[in-house]
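Report on one structure; see the data block that follows.
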Amino acid sequence: MSLEAEKLRKKLAELLSWERRKRREQILTTVFCYALLGALFTLPFHGLLETVISRWFIPILFFGIMVPFFLARGYWRPADSARALARVDKTLRLDERALTAWEILERNEIRAAALMVLKQAGEKLANLDPKALFRRSWNWQAYCAFPLLLLWLGLLWFDIGLRLDSNVQLSTAQTVAQKLREFS
């Protein structure tokens, strides 16, 4: 392959790796949000699990359980690569040269028409910065994750939850909420 074709291959690989990274980040923020929601729903019933698992590890447990399913569902396929390159073509008005060049590079064609398409696509994509052109777009889970984390930490701080027997004092150190109750 010529030097121009290798440069184009690297540019397309850079673009596709950026799109994959955006997808992984979106999946991980979604799972993080759902893990915090699961931890919030189980927080009142933690008195039943107190000897089994610490409250601090509940979101980590939910995250570890859910992440394989979400990553398997969001697995990057060749159709996703074609979709990303079609979006580049549409955004830069390349008349499907990027997608065609990617297909040509995959098949290693060396015909005159293929070389012309590679040259034209290489010229158009030479100065492409995928991070600047295709910015991240966050979903609602990404915006809700931080407030949910603050809510969960606040509820843990005030020791919210059901106790099995309120007359029995635990031998552990008193939490701030228990000290506040006694003081009042």
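Miscellaneous remarks
- q = 0.08, 0.15, 0.19 Å⁻¹, the chain: log10 I(q)/I(0) [Debye, one scatterer per Cα]: -0.47, -0.90, -1.18
- Between the Cα long axis of helix 112-125 and the first principal axis of the chain there is an angle of about 50°, rounded to the nearest 10.
- Selection from PRO44, PRO78, VAL31 lying farthest towards where the dipole of the stretch 1-95 points positive, charges on Cβ: PRO78
- Counting only protein heavy atoms and a probe of 1.4 Å, the accessible surface of the stretch 55-144 is 60% carbon and sulfur.
- Of the residues LYS179, LYS10, LYS22, LYS90, ranked by 1.4 Å probe accessible area with the largest first, the sequence reads LYS90, LYS10, LYS179, LYS22.
- A straight Cα-to-Cα reach below 20 Å connects LYS7 with the lysines LYS119, LYS124, LYS131, residues fewer than 8 places away in its own chain not being considered.
The values are calculated or read from the model by the stated rules, or taken from the named source; none is laboratory data. Because the structure is a prediction, the values reported are computed rather than measured. As a convention, Cβ positions derive from the backbone with ideal geometry for all residues, glycine included, and neighbour counts pool all protein chains shown. Please note that ligands, DNA and RNA were not included when accessible areas were found on the heavy atoms of the full protein model with its side chains. Shrake-Rupley method; radii C 1.70, N 1.55, O 1.52, S 1.80 Å.
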